[in-house]
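The values are calculated or read from the model by the stated rules, or taken from the named source; none is laboratory data. As the structure is a prediction and not an experimental result, all values here were calculated from the model. Cβ sites come from the backbone with ideal geometry, for glycine too, and all protein chains shown count toward neighbours. Side chains are part of the model used for accessible areas, which takes the heavy atoms of the whole protein and leaves out ligands, DNA and RNA. Shrake-Rupley method; radii C 1.70, N 1.55, O 1.52, S 1.80 Å.
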Amino acid sequence: MNLEASRNELSIKGKNGLGFLISGSVIWMIITVIYFFPIGIYGKSILMLCSSGIMFPLSIGINHLLKADWKLEGHPLGPLGLFLNLAQVMYFPILIWAIGKSPEEAVIFFAIITGAHFFPYGWFYNTKAYAIMAPVSACAIMLIGWKIAIGNLWLVPLSMVILLLILVVWLFMDYQNKKRDEEKAV
């Protein structure tokens, strides 16, 4: 099997990582609600960070409902998906620094990190959706943080929800096309 076919197999088996993205959308919805809470910005930032703790268990549940193989056991590229996901965790010191130094901007840092970390999944799942939406998301959040969200920080996580849902729809269409192409080839 060639590399492109192998990546398409990952895309189909793992359903382009849709379970993780849907889970992320739910978490960013929770973060949006948190930014309406009548508590200080530091508390909101800490709750934002804590809410990300449900990502993995929620993703497992959603992947189960979608019947997506998120482990990709036995596939030679399967472990790479885990490493790509762990890469986002390496940026958490930046987020923790932002919470301590500038809690007003921590949500912007978190959203940019979230959007930007999708880039390598474009190669992993052999889809342009991740590769395009990663810089679009990071730059859009940066601009929203600079220009629009001043005094309305809830716009940042809400924007992230919208960007994630666009990515989910695009990836679902990509998955459907690959699945259809695979069925035609058989």
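Numbers for the structure displayed
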quantity: Boolean, Leu58 is more than 16 Å from the chain's Cα centre (by Cα), surrounded by fewer than 20 Cβ atoms within 10 Å (Cβ to Cβ) and without any contact (Cβ under 8 Å) to a residue 60 or more places away in the chain; calculated: no
quantity: The range 109-133 - residue that is among the aliphatic types (A, V, I, L, M) and surrounded by fewer than 21 Cβ atoms within 10 Å (Cβ to Cβ) and, of those, nearest to Gly43 (Cα to Cα); calculated: Ile113
quantity: Members of the range 139-167 found to be more than 17 Å from Met48 (Cβ to Cβ) and surrounded by fewer than 20 Cβ atoms within 10 Å (Cβ to Cβ), listed by number; calculated: Cys139, Ala140, Met142, Leu143, Trp146, Lys147, Ile148, Ile150, Gly151, Ile162, Leu165, Ile166
quantity: Selection count where residues are hydrophobic (A, V, I, L, M, F, W, C) and farther than 22 Å from Trp154 by Cβ, scope the range 93-121; calculated: 3
quantity: Residues being open to solvent by 50 Å² or more (accessible area, probe 1.4 Å) and hydrophobic (A, V, I, L, M, F, W, C) - total across the range 35-53; calculated: 6
quantity: The range 1-34 - residue that is open to solvent by 30 Å² or more (accessible area, probe 1.4 Å), modelled with pLDDT under 95 and of a type in the set (A, V, I, L, M, F, W, C) and, of those, farthest from Tyr175 (Cα to Cα); calculated: Met1
quantity: Output for the range 1-54, where each listed residue is under 16 Å from the mean Cα position of the chain (by Cα) and not in a helix (DSSP H, G or I); calculated: Gly14
quantity: His64, sole failed condition from (1) in contact (Cβ under 8 Å) with a residue 60 or more places away in the chain; (2) open to solvent by 60 Å² or more (accessible area, probe 1.4 Å); (3) farther than 25 Å from Trp154 by Cβ; (4) not hydroxyl-bearing (Ser, Thr, Tyr); calculated: (1)
quantity: Qualifying residue in the range 135-142 (condition: more than 26 Å from Gly19 (Cβ to Cβ), more than 11 Å from the chain's Cα centre (by Cα) and in contact (Cβ under 8 Å) with a residue 24 or more places away in the chain); calculated: yes
